[in-house]
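Please read the structure below before turning to the comments.
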Amino acid sequence: MRIMLIGAPGAGKGTQAKILEKSYNAVQIATGDILRKATEAGTELGLKAKSFMDLGHLVTDDLMIKLIREKFTQPGFSQSWIMDGFPRTVAQAEAFGELLDELNLKLDCVIEVDVERPLLIERITGRRVCRNCQAPYHIKFNPPKVENTCDYCGGHDIYQRDDDSEEVVTNRLKVYDLQTSPLIEYYKLKNLLHKLDGNLPVEEVTTKIVNLVNEAR
Ligand code: AP5
């Protein structure tokens with residue numbers, strides 16, 4: 001499986017990528033998770049990224065492209081992946097296309113997870129995340145099976161992301177419209193894009209993604 005999930009903040013990319021990662025033995029490449037871990041660890045990348053993330057702005061293309069290139073060129077890197085949060089701009093998409101060509105890899109398909117705006121805001125402001133493995137939950141729609149315990153790793157530190165306040169979310173949605181949504185046309189022109197209704201419950205969205213992936217491969 002080599003797929004890319006595109007969608008506004010809160011569309012459910014991370015939720016779906018985590019489920020698919022488990023059932024398809026694929027690696028979730030979640031750039032937001034990588035940056036948050038780097039920020040917590042106080043690395044150079046994390047320190048550079050934090051100021052952008054706190055305001056809901058995108059981290060610069062050169063930093064993100066370098067990060068993805070380093071991952072994909074690591075010896076033994078998985079041949080099966082789910083892109084979650086990268087690319088975010090046309091420049092990142094172009095660089096990613098070049099990287100895949102260099103590595104002789106083909107993208108199976110790009111899936112746009114489309115969700116109505118008011119629901120996006122409700123999802124983000126109610127989101128909680130496992131600090132250890134970054135699995136996303138929701139206080140109302142998708143709580144952990146056992147209170148304050150991560151379904152995936154058993155961790156007990158489930159917290160609210162700094163950028164999930166309503167104020168920052170508004171900015172993140174603007175940034176999505178301006179800088180990321182052009183990717184929809186970009187991948188449509190490459191005949192790779194499939195749009196699905198992300199307003200549906202988690203399990204129904206997963207089924208739709210699995211069907212699309214099976215058709216595309
Ligand atoms: P990132 O972490 O990638 O955030 P995002 O794209 O804004 O996406 P989210 O994590 O908010 O949403 P999601 O679609 O994954 O939704 P989730 O599954 O959690 O990026 C954060 C920041 O990092 C960026 O702002 C930027 O600064 C930087 N960054 C990252 N990548 C970058 C890049 N490539 N270039 C530059 N900068 C970059 O679900 C949301 C909630 O809804 C959860 O509570 C979940 O439980 C619930 N939910 C999910 N699906 C459903 C459903 N079907 N029904 C009901 N509830 C659901």
Cβ density ranking, 10 Å radius, fewest first, applied to His156, His138 yields His156, His138
Taking the Cα centre as origin and putting +1 on Lys and Arg beta-carbons and -1 on Asp and Glu beta-carbons, what dipole magnitude results for the chain, to the nearest 20 debye? 280
For Leu192, what is the net charge nearby, where nearby means another residue's Cβ is under 15 Å from its Cβ and Lys, Arg count +1, Asp, Glu -1? 0
Return the unpartnered cysteines for the chain, using a Cβ-Cβ cut-off of under 4.7 Å. Cys109
Under the rule rounded for a/c under 1.5, else prolate if a/b exceeds b/c, else oblate, using alpha carbon gyration tensor axes a ≥ b ≥ c, segment 147-203 is classed as oblate
To make sure I understand the rule: partners must be lysines, Cα under 23 Å from the Cα of Lys48, and not fewer than 8 residues away in the same chain. Which ones qualify? Lys37, Lys66, Lys71, Lys174
Among Gln92, Gln134, Gln74, residue whose mean-square fluctuation peaks in a GNM of the chain (springs only between Cα atoms under 10 Å): Gln74
Could you check which residue among Glu21, Glu112, Glu203 shows the biggest mean-square fluctuation in a GNM of the chain with a 10 Å Cα cutoff? Glu203
Counted neighbours (other Cβ, 10 Å), sorted fewest up, put Thr206, Thr180 in the order Thr206, Thr180
Of all DSSP beta bridges having both residues in the chain, the percent classed as antiparallel (nearest 5) is 30
Taking Lys145 as the anchor, which lysines have their alpha carbon closer than 22 Å to its alpha carbon, excluding any fewer than eight residues away along the same chain? Lys13, Lys18, Lys22
For peptides 51-59, 125-133, sequence by mean Cβ density within 10 Å, most packed first: 125-133, 51-59
Residue farthest toward the positive end of the dipole of the chain, with Cβ of Lys/Arg at +1 and Asp/Glu at -1: which of Asn199, Ser78, Gln28? Ser78
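Only the coordinates and a few stated rules stand behind these numbers; no lab work does. Since this is a predicted model, take the numbers as computed values, not measurements. Please note: Cβ atoms are built from the backbone with ideal geometry, for glycine as well, and neighbour counts cover all protein chains shown.
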